[in-house]
Amino acid sequence: AALVRAGQHKKASQELELLAEANRKRKDKGEWGFQEWLHGKTGEAIGNSEPYQAWSAGMYLFAAECVSHQSVPYF
C-alpha cells in the first residue's frame, strides 16, 4: 500500500509477488500457509509459527487490491 501511495506501482507489483511467495510457505507440505513467522534470511516458516493467520491473509488481500486498482482505498 505504501508503494502504491508513493506512485511506485511497478515496485509494488514486484513486492506483491514476493509477498505471495512468502504466504505460500508452510512448515508442513501443502499450499498457502499464511504462516505467522518466517525466517528473515531463508524465508522458511520457523518456530511455533501457526498457519492460516488471518492478518497475513487479510493484508495480502489488501495489498493485492491496492496494486490492482493502483490506489489505496482507505488511507
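Each reported figure results from applying straightforward, stated rules to the coordinates on display, with no laboratory input. Predicted model only: the values in this text are computed from it and were never measured. A quick note on method: Cβ atoms are made from the backbone with ideal geometry, for glycine too, and the neighbour counts reach across all protein chains shown.
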- Task: For helix 54-69, report the angle its Cα long axis makes with the longest principal axis of the Cα atoms of the chain; keep it between 0 and 90° and round to the nearest 10°.
- Result: 30 degrees
- Message: Please compute the length gained on full extension between GLU36 and ARG24, using 0.36 nm multiplied by the number of residues separating them and subtracting their Cα-Cα distance.
- Response: 3.1 nm
- Message: Straight-line reach only, C-alpha to C-alpha below 20 angstrom: list the lysines that LYS27 could link to, leaving out same-chain residues fewer than 8 apart.
- Response: LYS41
- Item | Inter-probe distance in nm under a simple model that places probes 7 Å from Cα toward Cβ, at TYR52 and HIS69 | 2.9 nm
- Message: If I fit a long axis through the Cα atoms of helix 9-24 and take the longest principal axis of the Cα atoms of the chain, what angle between them do I get, 0 to 90°, rounded to 10?
- Response: 20 degrees
- Item | Helix-only CD estimate at 222 nm, as mean residue ellipticity for the chain, using -39500 (n - 2.57) per DSSP H run (n ≥ 4) | -15000 deg cm²/dmol
- Task: Could you point to the residue in GLN35, ALA63, GLY47 farthest towards the positive end of the stretch 1-67's charge dipole, with +1 and -1 charges on the Cβ of Lys/Arg and Asp/Glu respectively?
- Result: ALA63
- Query: Given charges of +1 on the Cβ of Lys and Arg and -1 on the Cβ of Asp and Glu, with all other atoms neutral, how large is the dipole of the chain about its Cα centre, in debye to the nearest 20?
  - Reply: 180 debye
- Query: So which trypsin sites (Lys or Arg not before Pro) in the chain pass both tests, a DSSP loop state and at most 10 other Cβ atoms within 10 Å of the Cβ?
  - Reply: LYS29, LYS41
